[in-house]
Amino acid sequence: LHLILQPGPDGSVMPENEFRNFFCLLVAAGNDTTRYSIAAGIQALAHQPELLAQMQAGGAVWETAADEIIRWGSATTYFRRTATQNFEFHGRQVKEGDKVILWWASGNRDERVFDDPFRVNLFRTPNRHMSPSAKAARMSALACGLPGLRCGCCSKNLPNASSPSNLPETRSFSDRISSAASKSCRCA
């Protein structure tokens, strides 16, 4: 945040009201995306137990896992915008002033973009997910990095916390994962 308040090349600084708005957006967006993505990742682990073994093996999975968990979670449902100019999209004419909606979850399950889009693939690459944090990367590394960093931190600690030696074997796999997540996500 200190760097954001520093003067730009032309000597201008961000006005205080813009900084306050930026800070509120950063905190709210980062927390919502992080919370929802981690919950969706845990749900995926409960339904695809092989994912836990991949995470426990480590290695290359850490390069791609956070993006896939964010894609899978699609924390933002939709955005509605007003077209500012005429354009064509997939053969349809959109006129200036028309209302358009982007459904994030639909974009993140597009079979033209993703192989087997209804399954979590922690090694998915390239992962051109439509989540807002991916779009924010083009504008601010900080905005994109926060959910990814938090999801990555939680994911890296989850396999160790959920190993059989750390959890009673009498609980279901889902219960063990939920318990492990609450122990391992403290770094977020």
Leading residue by the ranking (surrounded by the fewest Cβ atoms within 10 Å (Cβ to Cβ)) among those in segment 38-90 that are under 23 Å from ARG128 (Cβ atoms) and among the polar types (S, T, N, Q): THR77
Within segment 113-120, can one find any residue that is farther than 20 Å from TYR36 by Cβ, free of Cβ contacts under 8 Å to residues at least 60 places away in the same chain, touching a Lys or Arg at 6+ places or on another chain (Cβ under 8 Å) and not in a loop (DSSP other than H, G, I, E, B)? no
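Between ASP67, ASP115, which is of a type in the set (Asp, Glu) and modelled with pLDDT of 90 or more? Break it down stepwise before answering.
On the way: ASP67 fails: modelled with pLDDT of 90 or more.
On inspection, the qualifying residue turns out to be ASP115.
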Only one residue in ALA75, ALA83, ALA46, ALA57 is among the aliphatic types (A, V, I, L, M) and touching a strand residue (DSSP E or B) at 6+ places or on another chain (Cβ under 7 Å), so which one is that? ALA83
Among (1) surrounded by 13 or more Cβ atoms within 10 Å (Cβ to Cβ); (2) over 19 Å from VAL61 (Cα atoms); (3) out of contact with any strand residue (DSSP E or B) (no Cβ under 7 Å at 6 or more places or on another chain); (4) modelled with pLDDT of 75 or more, which single condition is GLN93 missing? (1)
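The values are calculated or read from the model by the stated rules, or taken from the named source; none is laboratory data. As the structure is a prediction and not an experimental result, all values here were calculated from the model. Virtual Cβ from ideal backbone geometry, glycine too; neighbours counted across all protein chains shown.
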